[in-house]
Amino acid sequence: ESVRHILDYARALPEIAFLIMGSVGLALEDEPLPENVRLLGEVDVPTRQAMLATADIALNPTFSGSGTNVKMLDYFGAGIPVVSTRFGARGIEATDGIHAVLTDGEDFADGLRTALAMSDEAAARMVVKARRLVEERYSWETIAERLNEVIVERWPG
């Protein structure tokens with residue numbers, strides 16, 4: 001569902017290159033794609049990190065599913081401005097305009113345009129705040145500390 005939305009955005013924004021990583025692209029291998037879309041398939045960790053390091057914006061046009069969308073935390077940790085649906089950011093304490101550009105869904109393309117129009121300084125501020133959110137709320141160290149506090153509180157001694 002999400003990757004099909006990305007194809008729609010790619011058709012509407014032919015001047016932007018869209019790279020789709022992961023097995024999600026397998027569903028599209030036999031379909032004609034817009035010229036500005038590349039399917040990278042599943043990639044190893046170094047390739048994934050290189051792609052995230054060179055991307056201008058990470059997209060998360062998720063409209064259904066369950067659980068927290070962990071790729072949002074990956075994007076925040078990688079230091080990439082993110083455009084996501086509010087549904088795609090579920091379970092994460094992200095604020096629109098502070099940590100990411102969040103949309104209701106039907107305005108996702110507008111959110112992408114907003115992110116592309118951000119100054120370098122505004123994008124840098126957003127990236128720093130998003131990464132800080134991950135470090136303070138969602139890092140393994142933070143989660144372990146909170147879990148330890150709960151255990152000590154419930155079962156002292």
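Structural remarks
- For the range 82-122 versus the range 45-79, the spacing of their alpha-carbon centroids is 13 Å.
- Positive-end residue, the chain charge dipole about Cα centroid, Cβ charges, pick of Ala27, Val45, Ala130: Ala130
- Entry note, the chain: the mean residue ellipticity at 222 nm calculated from DSSP H runs of n ≥ 4, each adding -39500 (n - 2.57), is -13500 deg cm²/dmol after division by the residues and rounding to the nearest 500.
- Ratio Rg/Rh [Cα only; Rh per Kirkwood] for the chain: 1.02
- Placing unit charges on the Cβ atoms of the charged side chains and taking the dipole of the range 1-67 about its Cα centre, the candidate lying farthest along the positive direction among Ala12, Gly67, Ser2 is Gly67.
- Among beta bridges that DSSP assigns inside the chain, antiparallel share in %, nearest 5: 0 percent
- The chain: angle of helix 108-117 to the longest principal axis, Cα-based, in degrees nearest 10: 90 degrees
- Of all accessible heavy-atom area on the chain, the percent that carbon and sulfur account for (1.4 Å): 53 percent
- A simple charge model with +1 on the Cβ of Lys and Arg, -1 on the Cβ of Asp and Glu and nothing else charged puts the dipole of the chain at about 340 debye relative to its Cα centre.
- Sequence-distant residues sharing a close amide H with Ala100 (under 5 Å, placed H): Thr95
The values are calculated or read from the model by the stated rules, or taken from the named source; none is laboratory data. Keep in mind it's a predicted model, so treat the numbers as computed, not measured. With ideal geometry, Cβ positions are generated from the backbone for all residues, glycine too; neighbour counts draw on all protein chains shown. For the accessible areas, the whole protein counts, side chains as well, though only heavy atoms, and no ligand, DNA or RNA atoms are used. Shrake-Rupley method; radii C 1.70, N 1.55, O 1.52, S 1.80 Å.
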